[in-house]
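The block underneath contains the structure these notes are about, expressed in structure tokens.
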Amino acid sequence: MNQKIPQVGQIVKILRGRDAGQIAVVIAVEDNRFVYIADGYKRKFDGRKKKNLLHLEPQPMISSEVVNSLNEVGRVTNGKLRYAVQQFLNVGEVQS
């Protein structure tokens, strides 16, 4: 099985679990099987969710604000996470 590992800051769609259908942002990569995600709404940065890669669908968008914040400070605000998710949803509406 050749599952591509999403990058930090990449937008993902959750396929399994109680949050199925939701959009989130990868905020950390644990190994080649698990990542940590948050969306800034229900899943805040401090309450991030460990998620199996098989339960996620990586999207082509990577949030530079989230990546820069994590590289500079080691944290990201929930507002930036919400902004990244909203930007992705807005781009999806324009393309539809």
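The values are calculated or read from the model by the stated rules, or taken from the named source; none is laboratory data. Small disclaimer: the values here were computed from a predicted structure and weren't measured. Glycine gets a Cβ as well: all are built from the backbone with ideal geometry, and neighbour counts include every protein chain shown. In case anyone asks, the SASA skips ligands and DNA or RNA and just uses the protein heavy atoms, side chains included. Shrake-Rupley method; radii C 1.70, N 1.55, O 1.52, S 1.80 Å.
Residue by residue through the stretch 16-53, note down the ones that are polar (S, T, N, Q) and either part of a strand (DSSP E or B) or out of contact with any strand residue (DSSP E or B) (no Cβ under 7 Å at 6 or more places or on another chain) (or both). Those that are polar (S, T, N, Q) and either part of a strand (DSSP E or B) or out of contact with any strand residue (DSSP E or B) (no Cβ under 7 Å at 6 or more places or on another chain) (or both): Asn32, Asn52.
Could you go through the stretch 86-95 and let me know if any residue there is in contact (Cβ under 8 Å) with a residue 40 or more places away in the chain, surrounded by 14 or more Cβ atoms within 10 Å (Cβ to Cβ), on the phi < 0 side of the Ramachandran plot and part of a helix (DSSP H, G or I). For the stretch 86-95, residues in contact (Cβ under 8 Å) with a residue 40 or more places away in the chain, surrounded by 14 or more Cβ atoms within 10 Å (Cβ to Cβ), on the phi < 0 side of the Ramachandran plot and part of a helix (DSSP H, G or I): present.
Restricting attention to the stretch 54-67, does a residue exist that is aliphatic (A, V, I, L, M), assigned to a strand (DSSP E or B) and surrounded by fewer than 19 Cβ atoms within 10 Å (Cβ to Cβ)? Checked the stretch 54-67: at least one residue is aliphatic (A, V, I, L, M), assigned to a strand (DSSP E or B) and surrounded by fewer than 19 Cβ atoms within 10 Å (Cβ to Cβ).
Filter the stretch 26-39 down to residues that are within 10 Å of the chain's Cα centre (by Cα) and not aliphatic (A, V, I, L, M) and give me whichever is most open to solvent (accessible area, probe 1.4 Å). Per the criteria, the residue is Tyr36. Selection over the stretch 40-53 of residues that are open to solvent by less than 40 Å² (accessible area, probe 1.4 Å), over 14 Å from Gln7 (Cβ atoms) and not small (Gly, Ala, Ser) gives a count of 3. Whether a residue is surrounded by 14 or more Cβ atoms within 10 Å (Cβ to Cβ) and at positive phi was assessed, and Gly17 does not pass this test.
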